[in-house]
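Please treat every number below as a calculation from the coordinates, not as lab data. Everything numeric in this text was worked out from a predicted model, so none of it was measured. Cβ sites come from the backbone with ideal geometry, for glycine too, and all protein chains shown count toward neighbours.
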Amino acid sequence: MYCKSCGAKNEDNAYQCTKCGGVLRERNVTPQPQINVPYIPNYLAFSIITTLMCCLPFGIVAIVYSSQVNSKVVCGDIEGAMESSKKAKAWCWWTVIGGAVVAVLYILLSVGLATAAVSTEFQYH
Ligand SMILES: [Zn+2]
């Protein structure tokens, strides 16, 4: 290889230039200190789907927490991100449970109304 500073020919595996002493290559590339960022799920897709399916305000809360997860990770607030992630997950499940309860109530109410309508029908005839 050739020295970048003086152009002298050197051994290919040489670390320093024999002519000018300039560094030809990094002897050891020191690894960048890596901050181990754990994967924190943000449940954003989950919260959006549950909100659309269940049409409940709980889902909005889940979306708000979901959107906080990534921004907190970017800021280095890992604990805060994990906290938001947990809350997003909890609110997603509340949305699902709430949606199921509403659906069951709706069915019961429809059945109840239908039964009431039928029985009143019978009373009048
Ligand atoms: Zn040189």
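What the table below lists for this structure:
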quantity: Long-range HN-HN contacts of residue 16 with modeled amide H, under 5 Å; calculated: 24
quantity: Nitroxide proxy distance, nm - points 7 Å out along Cα→Cβ at residue 70 and residue 4; calculated: 3.6 nm
quantity: Highest to lowest packing among 84-91, 10-17, scored as the average C-beta count within 10 Å; calculated: 84-91, 10-17
quantity: In order through the range 71-86: 3J(HN,Hα) via Karplus (6.51 cos²θ - 1.76 cosθ + 1.60), integer Hz, x for Gly, Pro; calculated: 5, 6, 4, 4, 6, x, 8, 5, 4, x, 5, 5, 5, 5, 4, 4
quantity: Chain lengthening between residue 118 and residue 13 when straightened (0.36 nm per residue, less Cα-Cα); calculated: 28.4 nm
quantity: Farthest positive-ward along the chain dipole, Cα basis, beta-carbon charges - from 113, 90, 20; calculated: 20
quantity: From phi via Karplus (6.51, -1.76, 1.60), per-residue ³J(HN,Hα) for the range 56-61 in Hz, x at Gly/Pro; calculated: 10, x, 4, x, 5, 4
quantity: Stokes-Einstein diffusion coefficient of the chain, Kirkwood radius over Cα pairs, 25 °C, 0.890 mPa s, in µm²/s; calculated: 122 µm²/s
quantity: In order through the range 47-53: 3J(HN,Hα) via Karplus (6.51 cos²θ - 1.76 cosθ + 1.60), integer Hz, x for Gly, Pro; calculated: 5, 5, 4, 5, 5, 5, 6
